[in-house]
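Inspection log for the structure reproduced underneath, given as structure tokens.
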Amino acid sequence: MGREAIYKCKKCGNEFKANEGCGWHFCLYRCVNCDNTKEVLLGMDEKKIGVCKKCGGELKDDLKPMCPNCKSRKVVEKEILTLWD
């Protein structure tokens, strides 16, 4: 299940809003470098996922959102705002 939530960075204490997870038809992939996201249809061939259009970084579906302040991925979900399937 996907969600929009408020996250808190364990490193710097910054709170920010981000999306994470999968729905019925897609999963949200994140760039390992810049945290840009891309919706990828379920069942899509891994080779067709491509790379980040912003920086060319690798896209993965198992990354936590990145703190926009210090770039750490050591974050905790503080409050769920919206859930989606």
Tally, over the stretch 54-85, of residues that are more than 19 Å from residue 22 (Cα to Cα) and either in contact with a helix residue (DSSP H, G or I) (Cβ under 6 Å, 6 or more places away or on another chain) or modelled with pLDDT under 95 (or both): 0
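Scan the stretch 46-59 for residues that are without any contact (Cβ under 8 Å) to a residue 24 or more places away in the chain and of a type in the set (A, V, I, L, M, F, W, C) and report the count.
Initially, the stretch 46-59 is screened for residues without any contact (Cβ under 8 Å) to a residue 24 or more places away in the chain, giving 46-54, 56.
In the following step, the residues that additionally are of a type in the set (A, V, I, L, M, F, W, C) were identified as 49, 51-52.
So the answer is 3.
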Selection count, the stretch 52-73, where residues are more than 13 Å from the chain's Cα centre (by Cα), loosely packed, with under 14 Cβ neighbours inside 10 Å and on the phi < 0 side of the Ramachandran plot: 5
For residue 62: the one exception among (1) touching a residue at least 40 places away in the same chain (Cβ under 8 Å); (2) within 21 Å of residue 1 (Cβ to Cβ); (3) outside any strand (DSSP E or B): (1)
Residue within the stretch 37-45 that is of a type in the set (D, E, K, R), within 15 Å of residue 84 (Cβ to Cβ) and free of Cβ contacts under 8 Å to residues at least 24 places away in the same chain present: yes
Unique match (being of a type outside the set (Lys, Arg) and touching a Gly at 6+ places or on another chain (Cβ under 7 Å)) among 34, 9, 67, 27: 34
Candidate set: the stretch 15-46, residues that are of a type in the set (Asp, Glu) and part of a strand (DSSP E or B); chosen: the one nearest to residue 70 (Cα to Cα): 15
Any hit, the stretch 22-36, residues being surrounded by fewer than 13 Cβ atoms within 10 Å (Cβ to Cβ) and in contact (Cβ under 8 Å) with a residue 40 or more places away in the chain: yes
Any chance residue 77 is of a type outside the set (Gly, Ala, Ser), surrounded by 13 or more Cβ atoms within 10 Å (Cβ to Cβ), within 11 Å of the chain's Cα centre (by Cα) and not in a loop (DSSP other than H, G, I, E, B): no
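The values are calculated or read from the model by the stated rules, or taken from the named source; none is laboratory data. Since the model is a prediction, treat every value here as computed from it, not as a measurement. Positions of Cβ are generated from backbone atoms using ideal geometry, with glycine treated the same way; all protein chains shown enter the neighbour counts.
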